[in-house]
Amino acid sequence: MLPDALRADEDRDMTRDRDVVTLKRSSPEALAEAADINFVTHAGWLQARLQGMRVFDQGDLMLLDSGLPCDTFNFVCRARLSAGAAEERAAETIGHFRRAGRPFSWWVGPADRPRDLGDILLGAGLLRAETERAMAADLEGLQPGDFAPPGWHVRRVSSESELRTFAELNATHWTPPDPHVLRFYELGAAALLTHHCPLWFYVGYLDDVPVATGELTTGDGVVGLYNIATLAAHRRRGYGTALTQHLLLEARARGYRTAILQAAPAGVSLYERLGFRSFGDITEYKPPAAASPPR
């Protein structure tokens, strides 16, 4: 049985989400909750469907274990812990990955509880790895701009070879390239390429050369942007902006009205130009050996 946060009718059109969220009618708390569920879908939809991977919906938190020795796909998130039990639950959850001998990261965002969860994780031996900005954009007011450089085009991934290209580009953002990223998408190809998959992958091409990636994840009335990345040799040429706008327009055409994302400090100004506004911070905590990742 799938966890509640990932349960969906496999036969319905995933672009017709049950309650489309609009910023004008949503409180910051409701937006943060929707963003958390969207992140769970991004991080756990595939893992809930593959042998050897697990998603544990424990009611007060989500634990996602890919079975791979790679913290890119091993998460703890969506914590709603009571103040009295938070220290014990944190120790139990961290113990799961320590016993398995797998690296992981614990993401703490605006909706997580208790408020001092970050301090509790520090006390349990984790370290702050990085803090990103939680941002949202109103797609109803999105104004299309001419961001596409000459020779630029974007294709949605629809075949195993295109998914492999997406994975290869993502793997290069580690030094050296992370083979576990390639393995994850290889194992998941059959599920990720089905019509009901809520994760949509895109590759941006300069002429016929793949240079950038992006992902749209649909879930809980919003669309999330993930894996927005450009090869190092092609950065600062407008490809990231052009790809992001393409994804936003694609989401709006499918009926979505709110987009959310997690922006690294260097990307905040780019997303602000596209209409995104902050609704809090998201901090990643990791064990000491992994707190300074090579990405």
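Only the coordinates and a few stated rules stand behind these numbers; no lab work does. Just so you know, these numbers come straight off a predicted model, no measurement behind them. Positions of Cβ are generated from backbone atoms using ideal geometry, with glycine treated the same way; all protein chains shown enter the neighbour counts.
Just a few scattered comments:
- Value in Å of the Kirkwood radius, where the range 218-266 supplies the Cα pairs that are averaged: 11.9 Å
- Viscosity 0.692 mPa s, temperature 37 °C, Stokes-Einstein D of the range 233-295 from Kirkwood C-alpha radius, µm²/s: 233 µm²/s
- Where GluC sites (Glu not before Pro) fall in DSSP loop in the range 155-252, at most 12 other Cβ within 10 Å: none
- Cα principal axis extents for the chain, largest first, Å: 56, 44, 39
- Across the range 142-147, rounded Karplus estimates of 3J(HN,Hα) from the backbone phi angles (6.51 cos²θ - 1.76 cosθ + 1.60, θ = phi - 60°) give 5, 9, x, x, 8, 9 Hz, Gly and Pro being marked x.
- Built amide H within the under 5 Å cut-off of residue 228, gap 5+: 215
- The range 155-295: relative contact order as a whole-number percent, Cα under 8 Å and 6+ apart: 19 percent
- Neighbour cut-off at most 10 other Cβ (10 Å), DSSP loop, GluC sites (Glu not before Pro), the range 43-134: none
- Which of 26, 75, 86, positive extreme of dipole for the range 19-89 (C-beta unit charges): 26
- Global form of the range 179-272, assessed from the alpha-carbon gyration tensor, a/c cut-off 1.5: oblate
- Kirkwood hydrodynamic radius (C-alpha pairs) into Stokes-Einstein, the range 123-279, 37 °C and 0.692 mPa s, D in µm²/s: 200 µm²/s
- Considering only 222, 48, 287, the residue lying farthest towards the positive end of the dipole of the chain is 287, judged by Cα position with unit charges set on Cβ.
- Taking only alpha carbon atoms, the range 35-120 gives an Rg to Rh ratio of 0.95, where Rh is the Kirkwood radius.
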